[in-house]
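Trainee: My questions all concern the structure below.
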């Protein structure tokens, strides 16, 4: 019952996977895996099967060394969400505080898209070419919304 998403990591150890992730994200292997499993394994009420995920972790993901309790799965998922939010705040704050220029921001977005492609390829997924443009357009839209919100608050 091996989970196919991480098959390119079959021969890796947990620490190797975490090192790989730390080169492009703030995530640990634990957070990355749990986020995927919680998104992919839901019950009929669309809630994550945390107890089942934790009980089957070693069988689902070859580089995970032990099974987790429901609480450990929940904690890893919460940690993932916190890191995503903090990363987003850091990203947008740097621009709006004037710490990086618009050109630097655009360059970073291009690098992020390349990093995302690398991660999704590692997961065995494919990214349609239009997704790169879509991500860039979404970020540009978010920047516009932040600008509008900040202008409203300023006046």
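Trainee: Counting only residues that are closer than 22 Å to residue 18 by Cα and modelled with pLDDT of 90 or more, how many does the range 89-107 have?
Mentor: 1
Trainee: It is to be established whether one or more residues within the range 137-147 are modelled with pLDDT of 85 or more and under 23 Å from residue 37 (Cα atoms).
Mentor: For the range 137-147, residues modelled with pLDDT of 85 or more and under 23 Å from residue 37 (Cα atoms): absent.
Trainee: Next up: Answer yes if at least one residue in the range 41-63 is under 24 Å from residue 114 (Cβ atoms) and exposed (fewer than 12 other Cβ atoms within 10 Å of the Cβ), and no otherwise.
Mentor: no
Trainee: Scan the range 58-83 for residues that are within 19 Å of the chain's Cα centre (by Cα) and modelled with pLDDT of 95 or more and jot them down.
Mentor: Of everything in the range 58-83, those that are within 19 Å of the chain's Cα centre (by Cα) and modelled with pLDDT of 95 or more turn out to be 72, 73, 74, 75, 76, 77, 78, 79, 80, 81, 82, 83.
Trainee: When you check residue 118 against the structure, is it in contact (Cβ under 8 Å) with a residue 12 or more places away in the chain, over 23 Å from residue 150 (Cα atoms), out of contact with any helix residue (DSSP H, G or I) (no Cβ under 9 Å at 6 or more places or on another chain) and assigned to a helix (DSSP H, G or I), yes or no?
Mentor: Considered against the rule, which asks whether it is in contact (Cβ under 8 Å) with a residue 12 or more places away in the chain, over 23 Å from residue 150 (Cα atoms), out of contact with any helix residue (DSSP H, G or I) (no Cβ under 9 Å at 6 or more places or on another chain) and assigned to a helix (DSSP H, G or I), residue 118 comes out as yes.
Trainee: What's the number of the only condition in (1) part of a helix (DSSP H, G or I); (2) exposed (fewer than 15 other Cβ atoms within 10 Å of the Cβ) that residue 139 fails to meet?
Mentor: For residue 139, the exception is condition (2).
Trainee: OK, next. Are any residues in the range 1-56 without any contact (Cβ under 8 Å) to a residue 40 or more places away in the chain, over 16 Å from residue 122 (Cα atoms) and not in a helix (DSSP H, G or I), and if so, which ones?
Mentor: Hits for the range 1-56 are 41, 42, 43, 44, 45, 46, 47, 48, 49.
The values are calculated or read from the model by the stated rules, or taken from the named source; none is laboratory data. Model, not experiment: these values are computed from the prediction. Glycine also receives a Cβ, built like all others from the backbone with ideal geometry; neighbour counts cover every protein chain displayed.
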